[in-house]
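Step one of this worksheet: look at the structure below.
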Amino acid sequence: MLITLEQAKAHLRIDDADDDLTLKVRAAEIMASEYIGREIYPDEVTLALAVLAGTAGPYPIVCNDLIRAAILLTLGHLWENREDNVVGTIVAELKVGAAQLLAPYRK
């Protein structure tokens, strides 16, 4: 995982989660990877091992703070909006959202 459960819980300001937080963290990570069209690795060693194994993909990248911030923003959205429909809320898109954070790394 690119984001630890401790980081996720701190970001969401929760102590315990009945919900499967690991599932949402992994989903947010996959969404970031799919958006930029690259495999994201937690560190150089893991990336090097993937390159040696031939599984790194064409444009592998090591996770950095911009990518982590985008993953956490996406996680927050997944956590707060657990249903397909939201009723009675005002919606506003953030000027600095996950897509803007990930844009420099998109292939």
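The values are calculated or read from the model by the stated rules, or taken from the named source; none is laboratory data. As the structure is a prediction and not an experimental result, all values here were calculated from the model. Cβ coordinates were reconstructed from backbone atoms using ideal geometry, including for glycine residues, and neighbour counts include every protein chain displayed. What goes into the accessible areas is simple: the full protein's heavy atoms, side chains included, and nothing from ligands, DNA or RNA. Shrake-Rupley method; radii C 1.70, N 1.55, O 1.52, S 1.80 Å.
For segment 28-43, filtering for residues that are part of a helix (DSSP H, G or I), of a type outside the set (Val, Ile, Thr) and exposed (fewer than 14 other Cβ atoms within 10 Å of the Cβ) leaves 1. Scanning segment 38-77 for residues that are among the hydrophobic types (A, V, I, L, M, F, W, C), touching a residue at least 60 places away in the same chain (Cβ under 8 Å) and touching a helix residue (DSSP H, G or I) at 6+ places or on another chain (Cβ under 7 Å) gives Ile67, Ile71, Leu72, Leu75. Residues in segment 57-98 that are open to solvent by 80 Å² or more (accessible area, probe 1.4 Å) and either closer than 23 Å to Thr22 by Cβ or part of a helix (DSSP H, G or I) (or both): Asp65, His77, Glu80, Arg82, Glu83, Asp84. Considering Leu52, Leu101, the condition of being open to solvent by 30 Å² or more (accessible area, probe 1.4 Å), assigned to a helix (DSSP H, G or I) and not aromatic (Phe, Trp, Tyr) is satisfied by Leu52 alone.
The set of residues in segment 78-107 that are within 21 Å of Ser33 (Cβ to Cβ) and in contact (Cβ under 8 Å) with a residue 24 or more places away in the chain comprises Leu78, Trp79, Gly97, Ala98, Ala99, Leu101, Leu102, Pro104, Tyr105, Arg106, Lys107.
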